[in-house]
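A.B. asks: Pasting a structure here, questions to come.
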Amino acid sequence: RIGLFNYILFAIVGIFLTRPFMNLYTDDPEIFDGGVTYLSIVTIFSLFSMVEIQLEKVLQATGNMISPMIISLSGAVTNLIMDPILIFGLLGFPKMGVAGAAAATVIGQTVSMLMSFYFNEKKNVEIKLKVRGFRPNAKTIRNIYAVGFPSIIMQSISSVMTFGVNKILLMFSSTAVSVFGVYFKLQSFIFMPIFGLNNGMV
C-alpha cells in the first residue's frame with residue numbers, strides 16, 4: 001500500500017508539475033518538450049518501479065543481496081538494449097526519440113518488477129508474500145516512514161543542491177549544465193561501491 005501511495009504522488013507530479021518544473025530549467029522549446037515528455041512518461045508509469053523497490057527490499061531484509069543485484073541488472077540491461085531500439089526505431093520499431101528513451105526505462109523497470117516477483121516466490125524462504133488477507137496497518141506504516149524519514153531528507157537535500165547548482169550554471173550556459181551532468185555520472189562510479197557496502201552493512 002505504501003508503494004501504491006508513493007506511486008499516486010509521482011503520477012500526480014507527472015501529470016501536473018512536469019511543465020512548471022521544466023520551465024525552471026530552460027526556455028529552449030526542444031529541450032522543454034523533450035524534458036516534459038520524458039518526465040511525464042517515467043512518473044505516470046512509475047508503478048512498476050515502486051513495486052520492484054518494495055519487493056527488492058523484502059529480499060534484502062532477509063540478507064539476500066545477490067538476488068536484488070540480479071534484479072537491478074536485469075532492468076538496467078533491458079533498458080540499455082531497448083534505448084537505441086526505441087529511440088532510433090530499429091528492428092521494425094517506430095522511431096520515438098525522447099519518448100522512446102522513457103519507454104525503454106519503463107520497460108526495464110517492468111522487467112525488474114517481474115524478476116523481483118520471481119525471486120520472492122522462488123528464492124525467498126523466510127518471507128512468503130500473500131495478497132489474500134493483507135490489511136494495511138497504520139502503526140506499521142507510520143513506523144516505516146519514521147525510520148525512512150532521515151533517508152528521505154538526505155535524498156531531498158541532494159536533489160535540492162543539484163537543482164540549485166543547475167540554476168546557477170544556467171546563468172552561464174547550457175553547456176555548463178551538461179558538464180555538471182557528466183560529472184555526476186562519473187561520480188556515480190565511485191559512489192556505487194560505497195552504496196553497495198552500506199546496503200550490505202544495513
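A.B. asks: Pick from segment 156-181 the residues that are surrounded by 10 or more Cβ atoms within 10 Å (Cβ to Cβ) and aromatic (Phe, Trp, Tyr): which of them is farthest from residue 120 (Cα to Cα)?
C.D. replies: 180
A.B. asks: Hey, another quick one. For segment 105-127, how many residues meet the condition of being surrounded by 12 or more Cβ atoms within 10 Å (Cβ to Cβ) and farther than 30 Å from residue 37 by Cα?
C.D. replies: Number of matching residues: 5.
A.B. asks: What's the number of the only condition in (1) part of a helix (DSSP H, G or I); (2) loosely packed, with under 10 Cβ neighbours inside 10 Å that residue 130 fails to meet?
C.D. replies: (1)
Here is a yes/no grid of residues against (1) modelled with pLDDT under 90; (2) small (Gly, Ala, Ser):
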site: 7; (1), (2): yes, no
site: 17; (1), (2): yes, no
site: 27; (1), (2): yes, no
site: 60; (1), (2): yes, no
site: 64; (1), (2): yes, no
site: 77; (1), (2): no, no
site: 89; (1), (2): no, yes
site: 104; (1), (2): no, yes
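A.B. asks: Regarding residue 153, is this residue open to solvent by 60 Å² or more (accessible area, probe 1.4 Å) and more than 28 Å from residue 71 (Cα to Cα)?
C.D. replies: Details: open to solvent by 60 Å² or more (accessible area, probe 1.4 Å): yes; more than 28 Å from residue 71 (Cα to Cα): no.
Criteria not met by residue 153.
Yes/no per residue for (1) touching a Phe, Trp or Tyr at 6+ places or on another chain (Cβ under 7 Å); (2) at pLDDT 80 or above; (3) within 28 Å of residue 63 (Cβ to Cβ); (4) hydrophobic (A, V, I, L, M, F, W, C):
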position	(1), (2), (3), (4)
113	yes, yes, yes, yes
126	no, no, yes, no
146	no, yes, yes, yes
164	no, yes, no, no
169	yes, yes, no, yes
178	no, no, no, no
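A.B. asks: Do you know which residues across segment 84-93 are part of a helix (DSSP H, G or I) and open to solvent by 80 Å² or more (accessible area, probe 1.4 Å)?
C.D. replies: From segment 84-93, those part of a helix (DSSP H, G or I) are 84-88; that's our starting set.
88, the sole residue that qualifies.
A.B. asks: Further, regarding this structure: Which of the following residues is within 30 Å of residue 137 (Cβ to Cβ), open to solvent by 60 Å² or more (accessible area, probe 1.4 Å) and either in contact (Cβ under 8 Å) with a residue 24 or more places away in the chain or out of contact with any Ser or Thr (no Cβ under 6 Å at 6 or more places or on another chain) (or both): 50, 69, 65, 96?
C.D. replies: Exactly one of 50, 69, 65, 96 is within 30 Å of residue 137 (Cβ to Cβ), open to solvent by 60 Å² or more (accessible area, probe 1.4 Å) and either in contact (Cβ under 8 Å) with a residue 24 or more places away in the chain or out of contact with any Ser or Thr (no Cβ under 6 Å at 6 or more places or on another chain) (or both), namely 65.
A.B. asks: Next question, about the same structure. Of the conditions (1) of a type outside the set (A, V, I, L, M, F, W, C); (2) more than 28 Å from residue 37 (Cα to Cα); (3) touching a residue at least 24 places away in the same chain (Cβ under 8 Å), residue 74 fails just one. Which one is it?
C.D. replies: (2)
The values are calculated or read from the model by the stated rules, or taken from the named source; none is laboratory data. Worth saying up front: this structure is predicted, and the values here are computed from it rather than measured. Cβ coordinates were reconstructed from backbone atoms using ideal geometry, including for glycine residues, and neighbour counts include every protein chain displayed. The protein model used for the area step is the full one, side chains on, heavy atoms only, and it has no ligands, DNA or RNA in it. Shrake-Rupley method; radii C 1.70, N 1.55, O 1.52, S 1.80 Å.
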